[in-house]
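Report on the structure given below.
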Amino acid sequence: MEEIVTIELFGQTFTFKADSEVTKAREVADLLVREVTRVEDQQSNQSTSMSNLTILMLAALNIANEHMELKRNHSKLLHDVTNRTTNLIHTLDNSVQ
């Protein structure tokens, strides 16, 4: 089901079609807007100015970095749970025998 999502960046309105649920698409769009705003705020404290493209690229890199950190943490958690589960099963097996 396609839904139309509209966001505003740099004083311009952008509209796109989203194939996923509109709530998720809005969440993703809102994340981008928040990250762009955060980068803009950081940039406003510096003496040099950045182009909108540079701000978008930095926001995208920040989001990608956060995503990769979450994936690493998730992988580490799964590994830890697997090890603990294996140890628990081994302990239970030894207790039953």
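The values are calculated or read from the model by the stated rules, or taken from the named source; none is laboratory data. Given the structure is predicted, the values throughout are model-derived calculations rather than measurements. Side chains included, ligands, DNA and RNA excluded: accessible areas come from the protein's heavy atoms. Shrake-Rupley method; radii C 1.70, N 1.55, O 1.52, S 1.80 Å.
Figures for the structure shown
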read-out: Heavy-atom accessible surface of the chain: percent carbon and sulfur, 1.4 Å; value: 55
read-out: Accessible surface, 1.4 Å probe, highest first, among residues Glu2, Glu40; value: Glu2, Glu40
read-out: The chain: radius of gyration and largest Cα-Cα distance (Dmax), Å; value: 21.7, 72
read-out: Helical mean residue ellipticity (222 nm; -39500 (n - 2.57) per DSSP H run of 4+; nearest 500) of the chain; value: -25500 deg cm²/dmol
read-out: Extended-chain gain in nm, criterion 0.36 nm per residue less alpha-carbon gap, Thr82 and Asp30; value: 15.2 nm
read-out: Cα long-axis angle, helix 22-44 against the chain (0 to 90 degrees, to the nearest 10); value: 60
